[in-house]
1. For labels at ARG21 and GLU74 in the simple 7 Å Cα→Cβ model, what's the distance in nm?
2. When we measure straight from the Cα of LYS77, which lysines land under 26 angstrom away, once same-chain ones fewer than 8 places off are left out?
3. Once you charge only the Cβ atoms, +1 for Lys and Arg and -1 for Asp and Glu, what is the size of the charge dipole of the range 1-77 about its Cα centre, to the nearest 20 debye?
4. Quick one: compute the contact order of the chain, relative version, from alpha carbon pairs under 8 angstrom and 6+ residues apart, as a percent.
5. Could you give the length gained on full extension between GLU93 and ASP49, defined as 0.36 nm per residue of separation minus the Cα-Cα distance, in nm?
6. Kindly point out, ordered by number, any Cys in the chain whose beta-carbon has no other cysteine beta-carbon under 4.7 Å away.
7. What ranking do PHE71, PHE53 get, fewest neighbouring Cβ atoms within 10 angstrom at the top?
8. Over all alpha-carbon pairs in the range 6-101, figure out the percentage whose distance exceeds 24 Å.
Amino acid sequence: MADQWTAIADADELAPGQMKRVEAGGKRLLLCNADGRLHVVDEMCSHEDYSLFLGCIQDGRIKCSLHGSYFDLETGKPTTDPANEPICTYPVEIRDGKVYVLPTKAMGA
């Protein structure tokens, strides 16, 4: 499969601390704004099949509201228990006022 960047949002769509559910490449993902820096990660927590969209963004991490695990938005690595497996992160680019993700290049899990 060829690498295909997919437009998922307007570049100014999310304020810091906000996230948006998106689908790209057949994957359920989250676009997250952590203090003005955009990240794309898997929507579901690696510890339980629970949406990270229900959590919050804090200090460059996303929190799972089910058990309280935090994941680094840059690397996908868990930073607190009980999660011990990373979530996938994806390359993000901003071009012509749009946010693009490359869903074929998962990093992390």
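Just so you know, all these numbers are worked out from the coordinates, no wet-lab data involved. The structure displayed is predicted, hence computed values, not measured ones. FYI the Cβ positions are ideal-geometry reconstructions off the backbone, even for glycines, and counts take in every protein chain you see.
1. So the two model labels end up 3.0 nm from each other.
2. The reachable lysines, counting only those whose Cα sits under 26 Å from LYS77, are LYS20, LYS27, LYS63, LYS105.
3. 140 debye
4. This gives 26 percent for the chain.
5. Numbers: separation 44, 0.36 × 44 = 15.84 nm, distance 2.78 nm.
Fully extending the segment from GLU93 to ASP49 adds 13.1 nm.
6. That list is CYS32, CYS56, CYS88.
7. PHE53, PHE71
8. Pairs farther apart than 24 Å: 13 percent.
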